[in-house]
Structure formats: structure tokens, C-alpha cells
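Here the structure comes first, spelled out in C-alpha cells, and everything after it is commentary.
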Amino acid sequence: MPQLVHEIEAQRTEASVELPSASSDSITSDMHKGDNTVDDGGVQVDADQELLQRQYELAQLDRSSRANWEMIKKLTVCGVAFLNDAYDMFAINIVAMILGFVYYHDAPGSAQNTVPKKWDTLIKIAVQIGCLLGQLIMGRLGDKVGRTTVYSAGLMIAIITTIASAFSSSMVKGFNVFIVLFIWRVLLGFGIGSDYPLTATIVSEYASVHNRGKLMAAVFSFQGFGNVLAPIVSIIVLACFAQSVDRDVQNLDYVWRIIIGVGCIPGVSTLYWRLTMTDSERFRHVNDNEFGPSDESTTVDSESEKLLAQQTPTGSTSPVPEEPAPDAAEVALVIPDEVQPRRVKTFTQYFSEWRHLKVLLGTSIAWFSLDVAFYGINLNSSIVIGAIGFAGDIKADRPSRYIIRNCLGNIIINILGSVPGYWISVFTIERLGRVRIQLLGFAALTVLYLILGFAYHQILDKSSGAFIFIFSLAQLFQNFGPNVTTFVIPGEVFPTRFRSTAHGISAAMGKLGAIVAQGGFLQLKDIGGKDEWINHLLQIFALFMLLGFFVTFWIPESKGKTLEEICDEREEYY
């Protein structure tokens with residue numbers, strides 16, 4: 001027995017010597033904050049020592065995380081996923097405009113070449129509804145079933161429904177093309193929704209402490225390329241059909257179907273890699289209970305323990321001679337009759353405490369506030385571009401010219417604002433920190449939307465170019481700001497066993513904001529005349545940016561910390 005005690009003590013000493021210096025102080029102090037014990041082959045070891053060992057081994061994972069082929073493959077898959085998602089979500093902005101020419105080219109008055117408000121709202125809101133459901137359901141399954149299994153299922157759903165969307169058509173009796181398209185795009189959104197929580201957790205659990213934020217932001221920044229790709233593809237396809245479209249506008253029916261169908265190509269190209277991905281060691285260790293405590297309470301047979309304590313080295317049950325009293329180094333190793341094992345808190349128990357709940361509320365409300373403006377504008381950028389006169393006259397111009405000009409306006413806004421904003425975040429997130437960038441972005445957006453809202457007509461009277469410049473500047477601070485950080489932060493500030501679920505809840509709140517914005521934008525923009533209320537909508541967006549600014553103070557800074565340090569792993573247990 002003394003030999004076994006000394007061996008365990010030697011292992012403890014060796015582990016404590018090898019702890020990374022960055023977190024050794026906090027981990028050592030954690031050892032003394034509890035007196036629970038767990039069984040270790042007949043010898044009871046302080047339960048916090050088990051936590052210390054767990055933190056040490058997870059720190060080893062962080063230190064061993066370096067660029068290799070497996071990581072490059074995962075980052076490529078995750079980046080392409082967001083390019084694909086952005087293309088699928090924002091292509092509908094252009095497709096809705098084309099559908100107006102196809103189905104309402106002979107409508108009277110101002111309704112000519114324009115999809116009615118109810119159908120426009122329906123097809124634009126569809127993916128957001130599906131995303132909301134997918135983020136909640138697939139996020140939870142990601143914690144229960146496995147990250148990569150659910151991740152692959154989401155992509156297959158997205159591929160199938162993208163192809164089905166491209167073949168949407170009216171029924172002879174029953175649903176028209178808009179309802180059929182709505183149904184398929186809700187299912188498409190469900191598949192896309194899985195990408196948000198699962199991509200964030202996969203990247204955060206594979207990346208090292210010092211580049212985790214940068215890699216998560218880089219993956220998410222591929223969304224900017226998807227935003228630009230949608231109008232580029234639209235221009236290319238339309239150029240191929242330009243002459244036939246100008247002769248017969250209904251030939252645009254081919255154009256919008258091809259634009260949607262192209263959206264399945266990036267997903268198909270990475271399907272094999274996604275199917276062969278494996279879960280991170282961090283998730284596997286938690287899921288398989290390789291680091292000690294689990295969700296299920298463990299029981300100890302005290303009678304067996306007493307029997308083991310009395311056994312001789314030969315296995316007989318006769319009492320052994322009394323051992324000398326342990327020295328000071330062995331005081332921590334005791335043999336109680338009963339053990340009170342450390343238990344893991346459930347999701348409800350963990351978030352019933354305000355210090356944890358406020359973080360979830362902070363990430364959720366911030367994402368909700370952002371997406372009210374982000375999707376309110378980006379799903380309707382063609383309307384904004386048309387309203388300021390950049391695209392031309394929807395009635396007088398040739399259909400091909402009007403649509404191409406509108407697509408060019410989308411490209412200009414994204415290249416000037418969205419894409420640079422994403423990559424400024426990538427290269428500054430590890431220096432400035434997540435919270436600081438989010439506060440800066442929300443503050444800048446509040447000011448810019450107030451300017452655009454209250455000086456809307458004055459700016460347009462001077463120059464539509466000036467409006468596009470300020471509008472693009474707002475796009476820049478959306479992405480060098482909360483659009484990136486609201487994705488990154490929930491992937492870091494929650495425990496591994498709840499990370500995908502909590503990220504899914506935060507992202508779903510964002511999509512709820514998108515649904516509110518889309519319904520509100522299209523219902524309110526024409527108060528007082530066509531597009532006459534857009535300036536007031538921009539003022540409302542400014543108020544939501546201000547709300548996002550204040551709730552950001554509930555969120556902890558995660559820069560330079562391990563995932564376990566950020567959420568203080570001791571808080572997972574009771």
C-alpha cells in the first residue's frame with residue numbers, strides 16, 4: 001500500500017511540473033477549492049486532482065494543435081460550407097427580382113415586374129425559418145450524437161433541397177411556384193442551420209489558443225465570398241441568355257433556376273471530405289468520459305472498499321500490520337468509507353445560474369440585434385439599390401440591363417464593405433479581442449444608420465454615390481464587428497458538453513431577428529408610397545445596434561484563454 005501511495009503521488013508531482021505556465025497558477029489554485037474525492041484503485045484521490053489532470057491533458061491538446069493536413073482539410077470544408085450557405089441565402093435577393101419579370105411582366109401600374117409583397121416576404125423568409133429550426137435541433141444533436149455526423153447530414157439535406165428548389169413550379173391545382181419554393185427553401189434552411197453551431201464548435205475544438213479566434217473568423221469570412229459569388233454567377237448566366245431574354249422576358253425562367261442550382265456545386269465538391277471528418281479529441285474525451293466525471297452518477301460499494309483495504313499483498317483477507325502514519329506529502333491521499341463523486345450539471349442546472357445565463361443572453365440578444373439590420377438590408381439590397389436609382393428604370397429599361405446593373409450594385413457594396421470587413425476582423429481579432437471588436441462595430445453602426453436614416457433624402461439629392469459609400473461603410477462595420485464576433489464568441493464561452501447547443505440557441509436568436517426584419521422591412525417600407533419609409537427603417541436599425549452594444553457587456557473576453565479557462569470548468573460540476 002505505501003508503494004502504491006508513493007507511485008500516485010509521484011504521478012501527481014510529475015503532472016504538476018509539466019503543466020503549461022500560462023494556466024498552472026489557476027489550475028493549482030483550483031485544486032484547493034473542493035474536498036470531493038474519487039476512487040483510484042482502492043486509494044481515494046482529491047476530486048479536484050482529477051480536474052487538474054483533465055485540464056492538464058486538455059492543455060496538452062491545445063499545445064499539440066498545429067497546422068497539418070487534417071486541419072487544413074477541416075478548415076477548407078468549413079470555409080466552403082459558409083461560402084455555400086451565403087450563396088444559397090442571398091441569391092434569393094436576385095432571384096426574387098427575376099421572378100417579378102417572369103411572372104408579373106404584364107401586371108398593371110407599379111406592380112409591373114415586381115413580385116407581390118406577400119410572396120416576396122414568403123420566399124425570402126423561408127431559409128431563415130429553416131435555419132432557426134436547424135440551429136436549435138442540429139445544434140443539440142451535435143452535442144448528443146457527434147459534431148461531424150450531424151454536420152454531414154446537414155450538408156446532404158442542403159444539396160438535395162437546393163436541387164429541388166431549382167425545379168420548383170406551380171401545380172395544376174394547388175400551390176403556386178412561390179409556395180413550392182418556400183417549402184423547399186425552409187428545408188434548405190434546416191440543412192444550412194446545422195453549419196453555424198457545428199462549424200463553430202469543430203473549429204474552436206481543433207484550433208490552438210493563440211489562433212482559435214483567427215481561424216474561426218477566417219472560416220466564417222468565406223460568407224463574404226458567397227455574397228459576391230451570387231451576383232457574379234447571376235451576371236454570367238444572364239449574359240448567356242441576354243438576347244433571348246430581351247426578346248421574350250419569360251426566358252428568365254431558365255436563369256433563376258440555374259442561379260439556384262449552381263448553389264449545390266460547392267457542397268457536392270466537399271461532401272466526401274465532410275463524410276470522412278472525425279470529431280475532435282476534446283469532444284470524444286468528454287463524450288466517452290475518459291477524463292473522469294460524467295453525467296451519470298457513480299456509486300461506490302463501501303463494503304468492497306473496506307475489504308480491499310484489509311487485503312494482504314497475497315490477496316488474503318487477514319489484517320495486515322499497522323502502517324506508520326503518513327507524512328505531510330500523503331495527507332491529501334485518504335481512504336474514506338464513503339465517496340461523494342463529483343457530478344456534472346445538466347444544461348438546465350448550468351444555465352439556471354445568472355452568471356452563466358447572462359452570457360447566453362448576451363450572445364443571443366447581440367446576434368438578434370445584429371441580424372435585424374444585417375438581413376433586413378442584405379436580403380433587400382436589390383430594393384435599396386433600385387430605390388436610390390442605381391439600377392435604372394424597372395419598367396423602361398431592358399430586363400437584362402436592369403438586372404445586371406442591380407447585380408453590379410450588389411458586387412460594389414460587398415467588395416467595398418463586406419469582404420474587407422470580414423478580413424480585417426480575421427487579422428485583428430487576436431490583437432483587439434472579440435468583445436472590443438463587437439463594441440466598436442455596434443457603436444459605428446449606430447452612428448452610420450442614424451446618419452443614413454435622418455439624412456436619407458439629403459444624401460440622395462446630392463449623390464447616389466455618396467449614399468452607396470456610407471452604405472458600404474456600414475457593411476464594413478457589420479463584418480469588422482458583430483457579424484463575425486457573434487459567430488466566434490458562442491463557440492468559445494460555453495462548456496464542451498453544451499457548446500453546440502448554446503451556439504445553436506444564440507444563432508437561432510439571430511435568425512429570429514432576420515425573420516422579424518424581413519417581415520418588418522417589406523411591410524413597412526412602402527408606408528407613404530413606394531420605398532418611402534426606408535429612411536425610418538434605417539433609424540430603427542440604429543436602435544437595435546445600440547441594444548447590441550449594451551448587452552455585449554454581459555459577455556466575457558475569450559482572447560488568449562483555453563476553452564476550459566474561459567468558462568471555468570469547475571462551474572460544470574456540483
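The values are calculated or read from the model by the stated rules, or taken from the named source; none is laboratory data. Being a predicted model, the structure only gives us computed values, none of them experimental. Reconstructed Cβ throughout: ideal geometry from the backbone, glycine too, with neighbour counts over all protein chains shown. Accessible surface areas use protein heavy atoms only, side chains included; no ligands, DNA or RNA. Shrake-Rupley method; radii C 1.70, N 1.55, O 1.52, S 1.80 Å.
What are the residues in segment 122-151 that are among the hydrophobic types (A, V, I, L, M, F, W, C) and either under 22 Å from Tyr272 (Cα atoms) or open to solvent by less than 10 Å² (accessible area, probe 1.4 Å) (or both), if any? Lay out the reasoning, then the answer.
Taking segment 122-151 as the starting set, the residues that turn out to be among the hydrophobic types (A, V, I, L, M, F, W, C) are 122-123, 125-127, 129, 131-133, 136-138, 141, 145, 150.
Ile123, Ala126, Val127, Cys131, Met138, Leu141, Val145, Val150, listed by residue number.
Is it the case, given these coordinates, that Leu99 is touching a residue at least 12 places away in the same chain (Cβ under 8 Å) and either surrounded by fewer than 20 Cβ atoms within 10 Å (Cβ to Cβ) or of a type in the set (Gly, Ala, Ser) (or both)?
No; evaluated as a whole, the condition is false for this residue.
Within segment 164-208, can you find the residues that are of a type in the set (D, E, K, R) and part of a helix (DSSP H, G or I)? It would help to see each step written out before you state the result.
So in segment 164-208, the residues of a type in the set (D, E, K, R) come out as 173, 185, 195, 205.
Arg185, Asp195, Glu205 - these are the residues of segment 164-208 that are of a type in the set (D, E, K, R) and part of a helix (DSSP H, G or I).
Working carefully through the options Phe494, Phe487, find the one that is under 17 Å from Trp554 (Cα atoms) and in a loop (DSSP other than H, G, I, E, B).
Matching residue, one of Phe494, Phe487: Phe494.
Do we find that Ala207 is of a type in the set (A, V, I, L, M), modelled with pLDDT under 90 and buried (at least 20 other Cβ atoms within 10 Å of the Cβ) in this structure? Step through it out loud before you land on a result.
Details: of a type in the set (A, V, I, L, M): yes; modelled with pLDDT under 90: yes; buried (at least 20 other Cβ atoms within 10 Å of the Cβ): yes.
Against the criterion (of a type in the set (A, V, I, L, M), modelled with pLDDT under 90 and buried (at least 20 other Cβ atoms within 10 Å of the Cβ)), Ala207 qualifies.
For segment 486-497, what are the residues that are in contact with an Asp or Glu (Cβ under 8 Å, 6 or more places away or on another chain) and open to solvent by less than 10 Å² (accessible area, probe 1.4 Å)?
Initially, segment 486-497 is screened for residues in contact with an Asp or Glu (Cβ under 8 Å, 6 or more places away or on another chain), giving 495-497.
Passing the criteria: Pro495, Thr496.
What number of residues in segment 527-563 are within 21 Å of the chain's Cα centre (by Cα), more than 22 Å from Leu361 (Cβ to Cβ) and not polar (S, T, N, Q)?
Residues that pass the stated criteria total 1.
Going residue by residue through segment 116-124, is there one that turns out to be modelled with pLDDT of 90 or more, farther than 30 Å from Met216 by Cα and not in a helix (DSSP H, G or I)?
yes
Which condition from (1) among the polar types (S, T, N, Q); (2) surrounded by fewer than 20 Cβ atoms within 10 Å (Cβ to Cβ); (3) without any contact (Cβ under 8 Å) to a residue 40 or more places away in the chain is the one that Thr161 breaks?
The single condition Thr161 does not satisfy is (2).
I'd like to know if segment 531-547 contains one or more residues that are at pLDDT 95 or above and of a type in the set (Phe, Trp, Tyr).
yes
On the given criteria, is Ser400 in contact (Cβ under 8 Å) with a residue 40 or more places away in the chain, surrounded by 17 or more Cβ atoms within 10 Å (Cβ to Cβ) and under 19 Å from Ile92 (Cα atoms)?
Working: in contact (Cβ under 8 Å) with a residue 40 or more places away in the chain: yes; surrounded by 17 or more Cβ atoms within 10 Å (Cβ to Cβ): yes; under 19 Å from Ile92 (Cα atoms): yes.
Here the answer is yes, as Ser400 does meet what is asked.
Spot the failing condition for Val233; the list is (1) open to solvent by less than 40 Å² (accessible area, probe 1.4 Å); (2) at pLDDT below 95; (3) in a helix (DSSP H, G or I), and only one is missed.
Every listed condition holds for Val233 apart from (2).
Select from segment 251-267 the residues that are among the β-branched types (Val, Ile, Thr) and closer than 17 Å to Asn113 by Cβ and list them in ascending order.
Of the residues in segment 251-267, the ones among the β-branched types (Val, Ile, Thr) are 255, 258-260, 262, 265.
The answer is Val255, and nothing else.
Would it be correct to say that Gly154 is among the small types (Gly, Ala, Ser), buried (at least 22 other Cβ atoms within 10 Å of the Cβ) and either over 16 Å from the mean Cα position of the chain (by Cα) or under 25 Å from Phe498 (Cα atoms) (or both)?
Numbers: among the small types (Gly, Ala, Ser): yes; buried (at least 22 other Cβ atoms within 10 Å of the Cβ): yes; either over 16 Å from the mean Cα position of the chain (by Cα) or under 25 Å from Phe498 (Cα atoms) (or both): yes.
Here the answer is yes, as Gly154 does meet what is asked.
For segment 466-475, indicate whether the set of residues that are of a type in the set (Gly, Ala, Ser) and open to solvent by 10 Å² or more (accessible area, probe 1.4 Å) is non-empty.
The first filter runs over segment 466-475 and keeps only residues of a type in the set (Gly, Ala, Ser), leaving 466, 472, 474.
Among the residues that remain, those that are also open to solvent by 10 Å² or more (accessible area, probe 1.4 Å) are: 466.
The answer is yes; a qualifying residue exists.
Going through segment 119-156 one residue at a time, which ones are in contact with a Gly (Cβ under 7 Å, 6 or more places away or on another chain) and over 19 Å from Gly491 (Cα atoms)?
Thr121, Ile125, Ala126, Val127, Gln128, Ile129, Gly130, Leu155
Looking at segment 433-463 only, could you name the residues that are open to solvent by less than 40 Å² (accessible area, probe 1.4 Å), farther than 23 Å from Thr552 by Cα and not hydrophobic (A, V, I, L, M, F, W, C)?
Result: Gly453, Tyr456.
Being of a type in the set (A, V, I, L, M, F, W, C) and open to solvent by 10 Å² or more (accessible area, probe 1.4 Å) is the filter here; which residues of segment 344-375 pass it?
Initially, segment 344-375 is screened for residues of a type in the set (A, V, I, L, M, F, W, C), giving 344, 347, 351, 354, 357, 359-361, 365-368, 370, 372-374.
Correct list: Phe347, Phe351, Trp354, Leu357, Val359, Leu360, Leu361, Ile365, Phe368.
Which number in (1) modelled with pLDDT of 90 or more; (2) basic (Lys, Arg); (3) not in a helix (DSSP H, G or I) marks the one condition that Lys511 misses?
For Lys511, the exception is condition (3).
Regarding Phe225, is this residue in contact (Cβ under 8 Å) with a residue 40 or more places away in the chain, closer than 25 Å to Tyr375 by Cα and surrounded by 15 or more Cβ atoms within 10 Å (Cβ to Cβ)? Give the steps one after another, and end with the answer.
Working: in contact (Cβ under 8 Å) with a residue 40 or more places away in the chain: yes; closer than 25 Å to Tyr375 by Cα: yes; surrounded by 15 or more Cβ atoms within 10 Å (Cβ to Cβ): yes.
For Phe225, the condition - in contact (Cβ under 8 Å) with a residue 40 or more places away in the chain, closer than 25 Å to Tyr375 by Cα and surrounded by 15 or more Cβ atoms within 10 Å (Cβ to Cβ) - is met.
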